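Undergrad: Quick one: structure below, then a few questions.
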Amino acid sequence: MRPFVVAANWKMHKSPAETGAFFEAFLPKLEASGIAKDPAFRKVLFFVPALDLYVAQKLVKGSHVCVGAQNVYWETKGAFTGENSPAVLAELATPYALVGHSERRALFGETDDQTAKKVKALHAVGITPMLCVGETLEEREGGRTNEVIVRQLQAGLAERDATKRIIVAYEPVWAIGTGKVATPDQAGEAHAVLRKALATLGSAALADATPILYGGSVKPENSAEIARQKDIDGFLVGGASLEVDSFLALCQTAKA
C-alpha cells in the first residue's frame with residue numbers, strides 16, 4: 001500500500017523566524033489530529049528554502065513531519081557557487097529533495113539531463129528524490145500532455161539507482177499559482193499514464209510502490225475530489241501550504 005503524501009513547497013517564502021512561528025503553531029495541531037502518526041499510511045513533508053533548512057530540521061525533530069530541500073546540485077563539492085551539496089543535505093539528515101520542478105526548468109533552464117544527474121546524486125547519498133513532471137498550457141492544448149510527462153519521467157530516472165525509492169509529482173504548469181486546477185478526471189488520466197510508464201520503465205512493483213502526487217493550485221476546497229482518483233497518492237502544495245490551517249486541512253484529506 002502506498003502512503004498518502006502531503007508535501008508543502010514553500011518556494012522562496014518564510015524567514016527562519018517565520019518558519020519557527022509556523023511550526024510552533026502547526027505541529028501541535030498536527031500531532032493532536034493523529035493523522036501522521038503512521039508514516040506507512042500518511043506522510044507530511046515540507047520543502048523549505050535552503051536558508052531555513054537547518055532551523056526547520058531542529059524544529060520538527062521528534063515530530064511526525066519531515067523536512068526536505070527544494071534543490072540540489074549533482075556534485076558533492078567544488079567551485080559551484082550558490083548550489084546545495086547532496087553530501088551536506090545528507091549530513092543534515094534531509095530525507096527528501098525536489099528535482100525538476102517546473103520553476104527550475106522554466107526560470108533556471110534546468111534540463112532533463114541535469115535532472116537525471118540530480119536524481120543519481122541524491123540516490124548516492126541516500127536521499128529520496130521527488131521528481132516533478134508536467135506540461136505547459138501550449139503543450140496540453142496541442143495534445144502533447146502524455147508525450148511530455150512520459151519523456152520527463154523517463155529522462156529524469158535514466159540514471160537512478162533502481163534499488164532506491166522515488167516519489168513523482170505531476171504538476172500541470174498551467175495550473176501552478178494561476179488559480180486554475182486540472183479537473184479530477186484530467187489529473188487522474190495523467191497519473192494513470194505515469195503509473196503505466198513507471199511499470200514500463202522499471203516493473204509493476206515499482207509502479208505499485210511509487211507515490212504520485214498532484215500539484216497544481218490544490219486547496220482544501222478541491223482536495224477531496226482530486227484525492228478520490230485511484231492513482232493520486234497525495235499533493236504537492238504551493239500557496240495553500242503557507243498558512244497553518246489551510247495546510248492542516250489538506251493534510252487531513254481522506255484518501256478514498
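Undergrad: In whole Hz, what ³J(HN,Hα) sequence does region 233-247 give by Karplus (6.51, -1.76, 1.60; θ = phi - 60°), x for Gly and Pro?
TA: Going residue by residue, I get 10, x, 9, 10, 10, x, x, 6, 8, 7, 10, 4, 5, 5, 6 Hz, with x marking Gly and Pro.
Undergrad: Got a sec to turn the phi values of region 58-73 into Karplus ³J(HN,Hα) couplings, 6.51 cos²θ - 1.76 cosθ + 1.60 with θ = phi - 60°, whole Hz, x for Gly and Pro?
TA: Rounded to whole hertz, the list is 5, 5, 8, 4, x, 9, 9, 10, 10, 10, x, 9, 7, 7, 7, 9.
Undergrad: Straight-line reach from residue 118: which lysines have a Cα under 18 Å away, not including same-chain ones fewer than 8 places off?
TA: 77, 164
Undergrad: Got a sec to turn the phi values of region 95-103 into Karplus ³J(HN,Hα) couplings, 6.51 cos²θ - 1.76 cosθ + 1.60 with θ = phi - 60°, whole Hz, x for Gly and Pro?
TA: Per residue, the Karplus-derived 3J(HN,Hα) values read x, 9, 8, 6, 9, x, 4, 4, 6 Hz.
Undergrad: Mind listing the long-range amide H neighbours of residue 68? Cut-off is under 5 Å, sequence gap 5 or more, other chains count too, H placed in the peptide plane at 1.01 Å from N.
TA: 46, 47, 48
Undergrad: Could you pull out the chymotrypsin sites (Phe, Trp or Tyr not before Pro) across region 5-108 that fall in loop regions by DSSP (anything but H, G, I, E, B) with no more than 12 other Cβ atoms inside 10 Å?
TA: Sparse-neighbourhood loop chymotrypsin sites (Phe, Trp or Tyr not before Pro): 80.
Undergrad: Taking amide H positions as placed in the peptide plane 1.01 Å from N, state which residues far from residue 171 in sequence (5 or more) or on other chains have amide H under 5 Å from it.
TA: Residues meeting the criterion, in which the H sits 1.01 Å from N, are 133, 134, 215.
Undergrad: Of 133, 209, 85, which is farthest on the positive side of the dipole of the chain, counting Cα position, with +1 on Lys and Arg Cβ, -1 on Asp and Glu Cβ, and the Cα centre as origin?
TA: The Cα lying farthest towards the positive end belongs to 209.
Undergrad: Restrict the search to region 1-94; then list the trypsin sites (Lys or Arg not before Pro) that DSSP places in a loop and that have at most 16 other Cβ atoms within 10 Å of their Cβ.
TA: Here the sparse-neighbourhood loop sites are 37, 61, 77.
Undergrad: Right, something else. Starting from the Cα of residue 107, step 7 Å toward the Cβ, then list every residue of region 125-157 with an amide N under 19 Å from that point.
TA: Residues 130-137 qualify, since their backbone N sits under 19 Å from the label point.
Undergrad: Which order do 118, 164, 230 fall in if you start with the one that has the fewest other Cβ atoms within 10 Å?
TA: Going from sparsest to densest Cβ surroundings: 230, 164, 118.
Undergrad: How big is the Kirkwood radius of region 116-234, worked out from every pair of different alpha carbons and given in Å to one decimal?
TA: After inverting the mean inverse Cα-Cα distance, the result is 14.5 Å.
Undergrad: Quick query: amide H of residue 235 versus all other amide H atoms, modeled in the peptide plane; which residues come in under 5 Å with a sequence gap of 5 or more or a different chain?
TA: Amide H neighbours of residue 235, under 5 Å, 5+ apart: 5, 6, 7, 214.
Undergrad: Taking the Cα centre of region 4-251 as origin, work out the dipole magnitude from +1 charges on Lys and Arg Cβ and -1 charges on Asp and Glu Cβ, in debye rounded to 20.
TA: 500 debye
Undergrad: Ok, one more. Give me the Debye-computed log₁₀ of I(q)/I(0) at q = 0.15 Å⁻¹ for region 117-161, equal point scatterers on Cα only, no solvent, two decimals.
TA: Values, matching the q order: -0.44.
Undergrad: What does the C-alpha gyration tensor say about the overall shape of the chain? Classify as rounded when a/c is under 1.5, otherwise prolate if a/b is larger than b/c, or oblate.
TA: Rounded, since a/c falls under 1.5.
Undergrad: With a ≥ b ≥ c the root eigenvalues of the C-alpha gyration tensor of region 1-88, is it rounded (a/c under 1.5), prolate (a/b larger than b/c) or oblate?
TA: oblate
Undergrad: Now for a different question. Given just the C-alpha atoms of region 196-246, how large is their convex hull per residue in cubic angstrom?
TA: Measuring per residue, one finds 86 Å³ for the Cα hull of region 196-246.
Undergrad: Could you grab the relative contact order for region 20-132? Cα pairs under 8 Å, six or more apart, rounded to a whole percent.
TA: Taking the mean separation of contacting Cα pairs over the length of region 20-132, I get 22 percent.
Read-outs: derived from the displayed coordinates by stated rules, not from any lab. These numbers come from a predicted model, not from an experiment. Every residue, glycine among them, receives a Cβ derived from its backbone with ideal geometry; neighbour counts consider all protein chains shown.
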